[in-house]
Every structure is written in structure tokens, then in C-alpha cells.
Amino acid sequence: MNSQDIPKVALCVPKLINPLVDLLLAYVRERELWQLMLVDGNPTKATVRQLREWGCNGLILHGRSHSEFSRVLELDVPTVVIEPPSLRRNAYSRYSITRVDNAATSDTVAEFFLSRGFTHFAYFGDPSGAYWSVEREVAFARRLRQQGFTCAIFKEKASRLGSWLAALSK
């Protein structure tokens, strides 16, 4: 493949998801399919200008909010959005989307603890109320109820976490 024909893909993901970055880098190294530019943090106008000058023709994005990468979407190139921050049905309809099956994740976790004989359960989710955390909370509690158990769910101020944990059944 001619080096001019190799797609130039910007990978805009936070450092938090290094395993994803590592997998993508290994995939690209093995197949030599793309040139990658890693963009950490919130892409700025300067970042977008730099990506245009580089000739970016593809994006892989992950962020906690639409505003974190809305500027880079202005490039109008093929885009994959990992775990879109919004559940609005049409907000990302132009893009390819990957999502975690949060209900299946919660079922797996519940089954893990149940299979080891645990009988007391609690859930501490993302304090910001992120949709994935809410989905996991609901599915985890539902799975436990199906098996005849209850689940304490933390819904207080973070400063109360210690006392909440201490008060849980052991």
C-alpha cells in the first residue's frame, strides 16, 4: 500500500482507557493499516487545525461529554464513537457507535458473587449519575432480586460513604 493511501486516524481517548489504546496500537502495528495520532484530553481548536493539516480522515472518540469532542467532530470524517455520552437517539446517528452491554456486565458480576455464596450486596455507582452506572445499578439490583436478595444502593453525599459502608450488613 502506498504511504499516501494509508488512512490517518486520530484516536481521541482519555488516558483512563489505556487498555483500549494498547489494543488499537497493537492492531495497527500488526496490520500497518493506519497512521495514528493520539489526542489526549479535550481537543481544542488548535488540535482540530493540526488534524486538518495532518490530513486526518478518520476518528475514534471517547469522552464523558459531547462538549469534550464536539470540535473534532467538525472534521466531518468517518467516526467511531466509543460509549457515546448521550442517550439521545439521534445525537450520534451519523457515526458508528460501540457500547458496553451494561446489563450483561451486571448479570456477570451478580452471578460471580452469588456463585461464591455471598448473601449481602451493595452498589456504589458513579456519583455523576452517568447512564452506564445507572444501567448497571438497575440490572445488578434486578438480578439479585430475581435470586431473592436485596441490594443496598448508595444515594447520599460522598462525605457519608464511610458511615454508609460501616452500616452495611456483613
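The values are calculated or read from the model by the stated rules, or taken from the named source; none is laboratory data. The structure displayed is predicted, hence computed values, not measured ones. Neighbour counts are summed over all protein chains in view; Cβ atoms, including those assigned to glycine, are modelled from backbone coordinates with ideal geometry. Just the protein is used for accessible areas: all its heavy atoms, side chains included, with ligands, DNA and RNA removed. Shrake-Rupley method; radii C 1.70, N 1.55, O 1.52, S 1.80 Å.
Quick notes on this one:
- Computed E for Ser115/Tyr95 - FRET, C-beta separation, R0 41 angstrom, nearest 0.05: 0.60
- The relative contact order of region 99-170 comes to 38 percent, based on Cα pairs under 8 Å that sit 6 or more residues apart.
- On the basis of the beta-carbon distance and an R0 of 30 Å, Leu25 and Phe124 show a calculated FRET efficiency of 0.40.
- Surrounding net charge for Gln50, when Lys and Arg each add one and Asp and Glu each subtract one, Cβ distance under 14 Å: +2
- Rough spin-label spacing in nm, given labels placed 7 Å along Cα→Cβ, for Ala152 and Thr108: 2.7 nm
- Residue-averaged 222 nm ellipticity for the chain, from DSSP H runs of 4+ at -39500 (n - 2.57), nearest 500: -12500 deg cm²/dmol
- Accessible area of the chain belonging to carbon and sulfur atoms, whole % at 1.4 Å probe: 53 percent
- The relative contact order of region 26-170, computed from alpha carbon pairs under 8 Å that lie at least 6 residues apart in sequence, is 16 percent.
- Accessible surface, per residue, of the chain when the full set of protein chains is kept, probe 1.4 Å, Å²: 64 Å²
- Largest to smallest principal axis extent of the C-alpha atoms in the chain, angstrom: 62, 33, 29
- Multiplying the residue separation of Ile6 and Leu168 by 0.36 nm and removing their Cα-Cα distance gives an extension gain of 52.7 nm.
- Stretchable slack from His66 to Tyr131, in nm (0.36 nm times residue separation minus alpha-carbon distance): 22.0 nm
- Interchain or long-range residues, amide H under 5 Å from Thr79's placed H: Leu59, Ser96
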